[in-house]
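Following: one structure in structure tokens, then a few remarks.
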Amino acid sequence: MKFQNRNLGPANYESPLQLSTVRGDNIFNFVDDSERLIFDLSRENYDHCLKTGEEPLCLEKSGPRQKLFFDPKNTTAAVVTCGGLCPGINNVIRGIVMALHYFYGIKKTIGVPYGYEGLNPEMGHGFVELTPDKVKDIHQFGGTFLGSSRGGQSVATMVDTLIANEVDILFAIGGDGTLKGVDAIGEEIEKRGAKISVVGVPKTIDNDIDLIDKSFGFETSFDVASPILRDAHNEASGAYNGISIIKLMGRDSGFIAASAALAMPTVNFVLIPEMAFKLEGPHGFFEALEKRLESKKHAVIVVAEGAGQQLFEGTDVVKDASGNIKHQDIGVYLKKRISEHFTHIPITIKYIDPSYIIRSAPANSSDSVYCSRLAYHAVHGAMAGKTRFVVSKVNNRFVYIPITEVTKKRKKIDLESEFWFSVLQSTGQPFFLG
């Protein structure tokens, strides 16, 4: 059993890369399409497959192919960035441009400004040519060199634009909505019988893309958050019954909040979307917070932006341009409710929301390396004619996965996992919360 990636057709052009064709772990060599990596490495899965004769679920190994579908000297590639900002976007853009130019010497690479809007001529954004000289320093800055936007455009119009500009490869850097969008573009391309490869590079600071080890920018996010949590602790401990509330990003998954709390273990409570916690009554959050103040005289609370939405029952559901539910502000709400509840003792509350500072930061060293390697592997797959796939790490190995497989559901924290248990041990918050 394996995830089946799509190919545009036979690969007939020799790769300009001078690599070995001999397989071996210590040799940088071409990868054959038949090479697969097992998804579930557990002994249980091994025993099951051995007993039943079933083939284990396998993923296609990424890397350079000896034969290419596209003739490099006649190939035009485009890069688009969509959705919210995230550390490392510029690193991926730079990596794609450098790989296309220095590895393959392709004809031209163009940048699509302001997300999918840039593929709608009516928006008037135009294109920008991307050269090594133009992108060589952009990794030093956060945000996106190309600009971004939310919301969809007409798929037919975007495909018309790609065909009219003789684009052979489209690299889309974005999260769940972006990946679904580029897959829809790929589907329309197939219907028309065109030969354009579409590639997704998963980008979500929340780390909620399913199946993959992690998305780029995630490590930078809690790296940047760590000193903020340290300073928030200083604020809380500097006052009698001082409380610091820090709201971090995490619309549907609490990976940033949980990881930041582990990275800077001054946090006493972590509230995430996966938890259905209550505020009042026995085993409620207020009870736990009061016990903390009684014993330690201060508390640091990290709350993910999507946490506690069950507390807003009855409010209207509003969606953003990308179709994501716009959550109520749990940070402001929590500050208000704590103030209203603790009238019997003096408290001091400091509320901090560093979300836009974190997501606009440049990538740290670890993410910079990861982004560059993602870019290179994306380029190798595209030049070989693979389409409608994402590139990422699974079990610490780079692989190609069909876009449809990673967009079926969002990855969430398992509240019975070792990871969450580590958070509970670090914070000391009671098990009964959530």
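The values are calculated or read from the model by the stated rules, or taken from the named source; none is laboratory data. What you are looking at is a predicted structure, and each value in this text was computed from that prediction instead of being measured. Note that we place each Cβ from the backbone using ideal geometry, even for glycine, and neighbour counts take in every protein chain shown.
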Checklist entry - Is it the case that segment 338-348 has a residue that's on the phi > 0 side of the Ramachandran plot and among the charged types (D, E, K, R)? => result no
Checklist entry - If residue 151 passes every condition in (1) within 18 Å of the chain's Cα centre (by Cα); (2) at pLDDT 95 or above but one, which one does it miss? => result (2)
Item to check | Residues of segment 239-254 classified as within 16 Å of residue 423 (Cα to Cα) and out of contact with any helix residue (DSSP H, G or I) (no Cβ under 8 Å at 6 or more places or on another chain), total | outcome: 2
Next on the checklist: Based on this model, can you work out whether residue 90 counts as within 28 Å of residue 365 (Cα to Cα), of a type in the set (S, T, N, Q) and free of Cβ contacts under 8 Å to residues at least 40 places away in the same chain?
Outcome noted: no
Next on the checklist: Looking only at residues that are closer than 17 Å to residue 372 by Cα and among the β-branched types (Val, Ile, Thr) in segment 110-154, which one is surrounded by the fewest Cβ atoms within 10 Å (Cβ to Cβ)?
Outcome noted: 131
Next on the checklist: Testing residue 355 on (1) surrounded by fewer than 18 Cβ atoms within 10 Å (Cβ to Cβ); (2) in the same structural domain as residue 248 (by TED's automatic domain parsing), one condition comes back false. Which one is that?
Outcome noted: (1)
Checklist entry - Is at least one residue of segment 194-213 in a helix (DSSP H, G or I) and surrounded by fewer than 18 Cβ atoms within 10 Å (Cβ to Cβ)? => result no
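Name the single residue that is farthest from residue 97 (Cα to Cα) among those in segment 126-152 being touching a Phe, Trp or Tyr at 6+ places or on another chain (Cβ under 6 Å) and part of a loop (DSSP other than H, G, I, E, B). Write out each step before concluding.
As a first pass, look at segment 126-152 and keep what is touching a Phe, Trp or Tyr at 6+ places or on another chain (Cβ under 6 Å): 138, 147, 149.
Filter again for part of a loop (DSSP other than H, G, I, E, B), leaving 147, 149.
On the way: 147: 16, 149: 21 Å.
Top of the filtered list is 149.
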Next on the checklist: Just to check your reading of the model, which residue among 32, 47 is surrounded by fewer than 22 Cβ atoms within 10 Å (Cβ to Cβ) and within 17 Å of residue 400 (Cβ to Cβ)?
Outcome noted: 32
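Taking residue 187, is it in contact (Cβ under 8 Å) with a residue 60 or more places away in the chain, surrounded by fewer than 18 Cβ atoms within 10 Å (Cβ to Cβ) and either not in a loop (DSSP other than H, G, I, E, B) or not assigned by TED's automatic domain parsing to the domain that holds residue 388 (or both)? Don't jump to the end; show me each part of the working.
Values: in contact (Cβ under 8 Å) with a residue 60 or more places away in the chain: yes; surrounded by fewer than 18 Cβ atoms within 10 Å (Cβ to Cβ): yes; either not in a loop (DSSP other than H, G, I, E, B) or not assigned by TED's automatic domain parsing to the domain that holds residue 388 (or both): yes.
For residue 187, the condition - in contact (Cβ under 8 Å) with a residue 60 or more places away in the chain, surrounded by fewer than 18 Cβ atoms within 10 Å (Cβ to Cβ) and either not in a loop (DSSP other than H, G, I, E, B) or not assigned by TED's automatic domain parsing to the domain that holds residue 388 (or both) - is met.
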Checklist entry - Can you name the residue in segment 56-99 that is polar (S, T, N, Q) and under 26 Å from residue 146 (Cα atoms) and is also surrounded by the fewest Cβ atoms within 10 Å (Cβ to Cβ) among such residues? => result 74
Item to check | Wholly within segment 357-431, helices (runs of 4 or more DSSP H) carrying at least 2 residues that are without any contact (Cβ under 8 Å) to a residue 12 or more places away in the chain | outcome: 365-383, 418-427
